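Working notes for the structure below.
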Amino acid sequence: MKKRVCAVFTAIFLGVTALPSSTFAAESYQETEKAALGEFLTEFISLYTSGLDNYEQALAGSYGDFTITLGEAGRGLLGMMFPADVSWLDNLKFSTDVTIKDGQMGEVLNISLNDTDILSVNLYSDSTTGDVFVQIPELSESYLSANWQDMFQETQTLTEGTTSVSLSMDDLIKYMSISENILEYLPSADALESIINTYGTMFIEGFAEGETGSETLTVSDVSQECTTFEGVLDNSDALTVVKDILTQAREDENIREILTGIENSGSGNENLYQQFQDGIDSLSADLSESEESDASAVISKIWTDDTDKIVGRQISFQEADGTSTPFFTCQTPSNGSDRGLLLELGSEGSTIALTGSGTVNGATMKGTYSVLTDSEPVLSIELSDYDTETAAEGKLNGVYTLSIPATAIEDEAAASLMNGFSLAVTLASGETDFSATADILSAGESLLSLNFTSDLGDGVEIPDLTAISGTVYDTLNADDTAAYAEEISMDTILSNLTAAGMPETFIEDVISAFTYTEEDYSTYEDTYSDDDSDDGLSEDSSAYDDSSAADDSIDDTLTEETEVPADSSAS
């Protein structure tokens, strides 16, 4: 058990510096790790601060859209399966703009087809009252209204005895409040930096200095001459470090501030700080009762290049007999413009790894990589247009084309079917915007493309929800819903669909493809009769009739022969 605790703590505290950094290290393991931790903190806190700023702006207005685009090959494939003409179909997009303010939310959803607006939905809600209003202008200028509390009660009535899910108005108010006021409860950048630096440093200082040397680090034919440093954390030292960390954490004001902030957020986590202290006391007591130790240890090894930049790390568990087994490895050697990569996790004989190499040209990189499970390739990744500059900011901008190697599929038919298919994922991030596109490719041609884009939006103007102008229909009132159904008109939507390129007969064609009429049944019966004549069964119907007559004769004969005499009961 102690082995696992030691390994897990090591991975957590040292994993933050596992990737290469531009740290300039000193001539020892501990100083190198501390410098790497400092470099990580500088970048992490910068990202955290900008993330908080972006979230605050996003509450005022955030935009997102999801687009489905059919390629020419995709339209052809769909056309073979769909019972109507789809050659006109290009793309379908759902876009939304959201504002959250003073416990209220406003959202505008737009649906477009082939870049032509089809319909829109205006949605407004108030978490303090539970009122919700929905308007679809293309159907009607009127609103549909509902109240979350009434809907919850209706749901509980309908599902009574069938579900244990309990919904309440208080839950809605709580979650809306957390979403809007989360910045008040998240830790400050200074508090977060202090916590990571304090306990990361304490753990690093628990490692004794190990061997120092030089080594050629090689990954996917990319080699680099490196200096190596090792840190050793044995079981007894690990227990001491963990105890010291628990003692420090119990009285840490930054941790107290964060946990009490979560308590006050209305998230339902009351007494969280007291539970944290009780947990520390319990764990400390358990550690005090477990003083026995053995000669096993965790070995942390790092590789640095000639500029003292960390280009590799490996964390291993060393048994009492001296045998060592790596359970985390990250190595990124470079040679000129070539870059190697090995990221591997392993436990008890089972491993998963990402490995390969790439070439940098200016600020972009391309390469070929494989995902291996127990050394067997299960996924191939072609990388292109990878932005090495934004990667330092945690943005993985680039194009990732994924395919399954034929050797990874045992069934020949399945392997043949998958041959030529791939998935290209394109990621693009800016200061506030983000875009992710997934293209399903066949022989390099797009069948289907899925795109998600988000950014700061223009925001939504939320009307006075206590005095909505216009007619409002209650969705839980049967008369209101009937009146709304009488009021709506599909004319605008159908006109928009036609403007988008949809053939006027498309809807009728689809309906008729899945609907059988009297004429269809008559045709089916005629066809069935014709089929009978083809197989000779109805070539001479009189034969069938004669056979039936013969059967009737047999039945009559059997009846006469087996008739019971009237006086049989007396005998």
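The values are calculated or read from the model by the stated rules, or taken from the named source; none is laboratory data. Bear in mind that the values here come from a model prediction, so they are computed numbers and not experimental data. Cβ sites come from the backbone with ideal geometry, for glycine too, and all protein chains shown count toward neighbours. Quick note on the areas: whole protein, heavy atoms, side chains included, nothing else; ligands and nucleic acids left out. Shrake-Rupley method; radii C 1.70, N 1.55, O 1.52, S 1.80 Å.
Which ones in the range 362-417 are in a loop (DSSP other than H, G, I, E, B), open to solvent by less than 40 Å² (accessible area, probe 1.4 Å) and either among the basic types (Lys, Arg) or closer than 30 Å to Phe40 by Cα (or both)?
Answer for the range 362-417, where residues must be in a loop (DSSP other than H, G, I, E, B), open to solvent by less than 40 Å² (accessible area, probe 1.4 Å) and either among the basic types (Lys, Arg) or closer than 30 Å to Phe40 by Cα (or both): Ala363, Lys395, Asn397.
Hey, among the residues in the range 430-450 that are part of a loop (DSSP other than H, G, I, E, B) and not polar (S, T, N, Q), which one's least open to solvent (accessible area, probe 1.4 Å)?
The residue in question is Gly430.
Could we say that Leu217 is outside any helix (DSSP H, G or I), surrounded by 20 or more Cβ atoms within 10 Å (Cβ to Cβ) and out of contact with any His (no Cβ under 9 Å at 6 or more places or on another chain) here?
In short, yes.
Only residues that are among the aliphatic types (A, V, I, L, M), farther than 30 Å from Ala146 by Cα and either open to solvent by 60 Å² or more (accessible area, probe 1.4 Å) or part of a loop (DSSP other than H, G, I, E, B) (or both): list them for the range 451-510, please.
Ala499, Ala500, Met502, Ile507
Since Glu319 meets every condition but one in (1) in contact with a Leu (Cβ under 9 Å, 6 or more places away or on another chain); (2) more than 30 Å from Leu52 (Cβ to Cβ); (3) acidic (Asp, Glu), which condition does it not meet?
Condition (1) is where Glu319 drops out.
Mind checking which pairs have a first residue in the range 25-54 that is without any contact (Cβ under 8 Å) to a residue 24 or more places away in the chain and a second that is surrounded by 15 or more Cβ atoms within 10 Å (Cβ to Cβ), Cβ under 6 Å, 6 or more apart or different chains?
Ala35/Thr23; Ala35/Ala25; Glu39/Ser21; Glu39/Thr23
A quick yes/no check of all residues on (1) out of contact with any Pro (no Cβ under 8 Å at 6 or more places or on another chain); (2) at pLDDT 95 or above; (3) more than 22 Å from Ser214 (Cβ to Cβ):
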position: Asp281; (1), (2), (3): yes, no, yes
position: Ala297; (1), (2), (3): yes, no, yes
position: Ile302; (1), (2), (3): yes, yes, no
position: Thr325; (1), (2), (3): yes, no, yes
position: Ser334; (1), (2), (3): yes, yes, no
position: Leu343; (1), (2), (3): yes, yes, yes
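Looking only at the range 56-76, which residues are at pLDDT 85 or above, part of a helix (DSSP H, G or I) and surrounded by fewer than 15 Cβ atoms within 10 Å (Cβ to Cβ)?
Listed by number, the residues that qualify are Gln57, Glu72, Gly76.
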